[in-house]
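Notes follow once the structure below has been shown.
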Amino acid sequence: MSNSNSRPHCRWAPRELVVLGVFAAAAKLSSLLIALAGGGMNPASLVLKNLVFTTLLIVLLKKVPKGGTLLLFTAVSMAVSVLLLGGSMALLPAALAGALLGEAAATLTGGMRAPWGPWVAAGVFDLASKGLSLGVSFLFMRESPALMTVVVPIVAIGYAGSLLGLWFGRKTVGELQHAGFVR
């Protein structure tokens with residue numbers, strides 16, 4: 001018999017789910033605002049958009065260092081993108097696969113609670129999701145493969161922003177730890 005005062009064990013506390021949702025919405029909203037303020041998808045706004053996204057992702061993974069956080073963040077983020085912002089549903093499999101690979105890489109290197117865990121997860125996630133998205137793009141443009149010469153540099157410029165976001169995320173987490181926002 002179970003005690004009537006006991007609650008079933010939940011993977012995430014309500015506070016953590018709220019933080020996750022806020023970060024997913026903030027990542028999408030900031031990406032949209034940067035693209036609009038930058039005048040579209042020029043190289044500077046691509047780098048800045050990916051830098052902010054990766055930085056927010058690392059802060060989230062340090063704030064909620066549990067297995068599955070990256071996958072849930074990606075699912076919520078893609079749901080916001082598809083349902084509210086008119087994003088492409090074709091990118092969902094690549095994003096979820098990238099999140100799974102990021103989670104697996106973090107688990108294999110010590111988990112999300114390890115000092116390097118969020119960076120490993122975010123780095124593998126960015127690389128895998130962008131690489132898989134290029135594969136999806138190639139499938140859609142297979143009758144005109146020359147168009148990939150336009151797409152690959154755009155993704156590469158965006159990935160440069162993601163790499164900068166890994167470094168900037170380290171600095172941001174350090175400041176947030178000093179302020180007491182992140183443990």
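The values are calculated or read from the model by the stated rules, or taken from the named source; none is laboratory data. Here the structure is a predicted model, which means the values were calculated and not measured. Cβ: placed from backbone, ideal geometry, glycine included. Neighbour counts: every protein chain shown. The accessibility values were calculated without ligands, DNA or RNA, using every heavy atom of the protein model including side chains. Shrake-Rupley method; radii C 1.70, N 1.55, O 1.52, S 1.80 Å.
Assign unit charges at the C-beta atoms only (+1 for Lys and Arg, -1 for Asp and Glu), then state the dipole size of the chain relative to its Cα centre in Debye, rounded to the nearest 20.
Numbers: 14 positive and 5 negative charges, 104 e Å.
The dipole of the chain has a size of about 500 debye.
Classify region 34-105 from the C-alpha gyration tensor, please: rounded if a/c falls under 1.5, else prolate or oblate depending on whether a/b exceeds b/c. Before the final figure, lay out each step's value.
Working: a/c = 2.11, a/b = 1.40, b/c = 1.50.
Oblate, because a/c is 1.5 or more while a/b does not exceed b/c.
Could you state how much accessible area Lys63 has, in square angstrom rounded to the nearest 10, with a 1.4 Å probe and all protein chains kept in place?
The value for Lys63 is about 50 Å².
Given a 1.4 angstrom probe, what's the average accessible area per residue across region 69-179, in square angstrom? Intermediate results must be reported in sequence, preceding the final value.
Numbers: 5990 Å² over 111 residues.
Roughly 54 Å² per residue, with all protein chains present.
Taking 0.36 nm per residue of separation and subtracting the Cα-Cα distance, what length does fully extending Met141 through Ser30 add?
Details: separation 111, 0.36 × 111 = 39.96 nm, distance 2.91 nm.
Value of the extension gain: 37.1 nm.
With a 1.4 Å probe and all protein chains left in place, how much of the accessible area of the chain comes from carbon and sulfur atoms, in whole percent? Could the numbers behind the result be given before it?
Numbers: 7330 of 10190 Å².
Using a 1.4 Å probe with all protein chains present, the chain comes out at 72 percent carbon and sulfur.
Taking the chain as the reference, fit the longest principal axis to its C-alpha atoms, fit the long axis of helix 148-179 to the helix C-alpha atoms, and give the angle between the two in degrees, 0 to 90, nearest 10.
Result, in degrees: 30.
Once you sort the root eigenvalues of the Cα gyration tensor of region 68-141 as a ≥ b ≥ c, which label holds: rounded (a/c under 1.5), prolate (a/b larger than b/c) or oblate (the other case)? Don't skip to the answer; put the middle values down first.
Values: a/c = 3.24, a/b = 1.65, b/c = 1.96.
Here region 68-141 falls in the oblate category.
Short version: ³J(HN,Hα) in whole Hz for each residue of region 99-109, in order, from phi by Karplus 6.51 cos²θ - 1.76 cosθ + 1.60 (θ = phi - 60°), x for Gly and Pro, what are they?
Taking θ as phi minus 60°, the curve returns 5, 4, 5, x, 4, 5, 5, 5, 5, 5, 9 Hz for region 99-109.
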